[in-house]
Each structure stands twice: as structure tokens, then as C-alpha cells.
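Only one structure is covered here, and it is reproduced in the block below.
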Amino acid sequence: MPRGPRLRLPGVPLHIVQRGNNRAACFFGDSDFAFYLNQLRVLAVRFECSIHAYVLMTNHVHLLLTPTAPDGVSLLMKHLSQRYVQYVNKIHSRTGTLWEGRYKSCLTQSEFYVLACYRYIELNPVRARMVDHPRQYHWSSHASNAGGSASPILTPHPEYLRLGRTDADRRAAYLALFRGMGDGAAEAESARRIREATSGSAALGDSSFRTQVAVALGLRTRPGQPGRPRRPGLSPIGETRSD
């Protein structure tokens, strides 16, 4: 089946997920995490992508970023993936692929959804029951976004900057977003929508945002159904429809 086109627009945030092949480990020690982040820092500058949030899990990666150029994200992920695989294969005496196919991504509406993605990304270690609070996980952006630790990788998104007038105010407001630690129906629904949009390479936002993206790119903005498209006039079980 041919690959579907990605939704990409300069200046629009993108949530990215890349998983290890067969969901196997892709990071094997602290030096691996550190190498990946160093390459992310270098290549984000080279390809003009602003990194807002990230988490490196044992077998997958989440990034929230905004590109300046139309092909910035593709070039960033291509070179980052290649460099990291070459490094891992050399250091750990292995061969072959490391990543599971293409990375998944979704365009993200700034209003309402960008901060939800920040939170979703940094709560990954909590949902995986690796830590009790995101501040306890070293390989994520939480220490910078919530704690103020200096980061050469991160560029705050405008929605983050609107959280307060000072750095201290913004950090306090951001940390308040993590109260409840992902519990509740609303949180579960938000996480579901983010996962669904990312897996389907769709647009995460309200109907107005999806329409704007569809018009700008001439592509669908909702997750599609797997398999071949249905033939007109047939129901899902193959019977002729009356309407």
C-alpha cells in the first residue's frame, strides 16, 4: 500500500512519535540517551526546528516541535534517525534496523492542544509506571519546562510563554497542569485524541483548524480507516445499501 502524505505546515507545531522496531528497546544506557539529545540539539538548529517538549523512553521517543521550513521536520528526523542507528550499531556491536518504519506525527492546533501535548509527552514515564512524578525522570523536558533547568535544546512555544509574565509565573502555571497526574475521564479522552491523531498522521484540533489544514494542503485531516477503501453502494458487510 502506498504511503500517505504527511501533514506538514511551516510554523504549525507537530507531535512526533518514533518507536523501536517491534517495540524493542532503542536506548540501552545513559550514554545512548545523551547522544540522541546532543544530535537532536545540533540538527534542530541545522534544519530550523524549534523543540518545545520531548521524552526519551526505553523503546520510543516523543517530540513536540515547530518547523520553519516545509521540509525541516523530514530532514531532521531522517538525519537524526540515521546518526543514532549508526551510533548504536557501532557502540553495541549490532546490525540492522532499529526504528519501526516511519515516525508518526500530527499537526497540532496551538490553542488548547499544544499544552495538552506538552503534558501528554512528559507524563509518559508516569503512565508507564517508571516514576511517580515526571520530575523524577531524567530524559525528558520536564525539568526545564517545570523546574527552570537550563536547556540548550528547548525553545518555549508561544502558548507556554502566555502562561505567565515572568519565568517563575510560567513555571508555576505549567507545573499546575500536572496536578492529578493524568487521572480522570477528561485526561483519558485527551490522551486518546492525541494518540489517535498521531497514529493516523492527522490534525489535532477543532473542526476549524482541521478545515484550515485541509484547505492549505489539499489533504484529509482526520485519521483514516485501515485497509482498502470501500466501494460505493456497499455496506461494511458487503450488502447493497438502500440509500
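The values are calculated or read from the model by the stated rules, or taken from the named source; none is laboratory data. Just so you know, these numbers come straight off a predicted model, no measurement behind them. We place every Cβ from the backbone using ideal geometry, glycine too, and count neighbours over all the protein chains shown. What goes into the accessible areas is simple: the full protein's heavy atoms, side chains included, and nothing from ligands, DNA or RNA. Shrake-Rupley method; radii C 1.70, N 1.55, O 1.52, S 1.80 Å.
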Revision key, fill the gap. Among helices (runs of 4 or more DSSP H) entirely within the stretch 102-185, at least 2 residues that are surrounded by fewer than 16 Cβ atoms within 10 Å (Cβ to Cβ) and of a type in the set (A, V, I, L, M, F, W, C) occur in 167-176
Revision key, fill the gap. Note on VAL85: of the conditions (1) outside any helix (DSSP H, G or I); (2) of a type outside the set (Asp, Glu); (3) more than 24 Å from GLU196 (Cα to Cα), unmet is (1)
Point to revise | Tally of residues being of a type in the set (Lys, Arg) and either in a helix (DSSP H, G or I) or open to solvent by 80 Å² or more (accessible area, probe 1.4 Å) (or both) across the stretch 88-101 | key: 1
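When you look at HIS79, is it over 30 Å from ASP206 (Cβ atoms) and either touching a residue at least 12 places away in the same chain (Cβ under 8 Å) or touching a Cys at 6+ places or on another chain (Cβ under 8 Å) (or both), yes or no?
Values: over 30 Å from ASP206 (Cβ atoms): yes; either touching a residue at least 12 places away in the same chain (Cβ under 8 Å) or touching a Cys at 6+ places or on another chain (Cβ under 8 Å) (or both): yes.
Here the answer is yes, as HIS79 does meet what is asked.
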Review point. Is it the case that the stretch 65-87 has a residue that's in contact with a His (Cβ under 9 Å, 6 or more places away or on another chain), closer than 29 Å to ARG135 by Cβ, buried (at least 16 other Cβ atoms within 10 Å of the Cβ) and at pLDDT 95 or above?
Key: yes
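Return yes or no: is LEU234 surrounded by 15 or more Cβ atoms within 10 Å (Cβ to Cβ), more than 30 Å from ASP30 (Cα to Cα), out of contact with any Pro (no Cβ under 7 Å at 6 or more places or on another chain) and modelled with pLDDT under 90? Let's see the steps before the verdict.
Numbers: surrounded by 15 or more Cβ atoms within 10 Å (Cβ to Cβ): no; more than 30 Å from ASP30 (Cα to Cα): yes; out of contact with any Pro (no Cβ under 7 Å at 6 or more places or on another chain): yes; modelled with pLDDT under 90: yes.
Judged against the criteria, LEU234 is not a match.
Quick one: how many residues across the stretch 39-64 are part of a helix (DSSP H, G or I), surrounded by fewer than 20 Cβ atoms within 10 Å (Cβ to Cβ) and in contact with a strand residue (DSSP E or B) (Cβ under 9 Å, 6 or more places away or on another chain)? Full working, then the answer.
First, pick out the residues of the stretch 39-64 that are part of a helix (DSSP H, G or I): 39-46.
Now restrict to residues that are surrounded by fewer than 20 Cβ atoms within 10 Å (Cβ to Cβ): 39, 41-43, 45-46.
In the following step, the residues that additionally are in contact with a strand residue (DSSP E or B) (Cβ under 9 Å, 6 or more places away or on another chain) were identified as 41, 43.
Summing the residues that are part of a helix (DSSP H, G or I), surrounded by fewer than 20 Cβ atoms within 10 Å (Cβ to Cβ) and in contact with a strand residue (DSSP E or B) (Cβ under 9 Å, 6 or more places away or on another chain) in the stretch 39-64 gives 2.
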Review point. Could we say that ALA214 is in contact (Cβ under 8 Å) with a residue 24 or more places away in the chain, hydrophobic (A, V, I, L, M, F, W, C) and either surrounded by 13 or more Cβ atoms within 10 Å (Cβ to Cβ) or touching a His at 6+ places or on another chain (Cβ under 8 Å) (or both) here?
Key: no
Review point. Can we say ALA53 is within 18 Å of ALA128 (Cβ to Cβ), at pLDDT below 95 and of a type in the set (Gly, Ala, Ser)?
Key: no
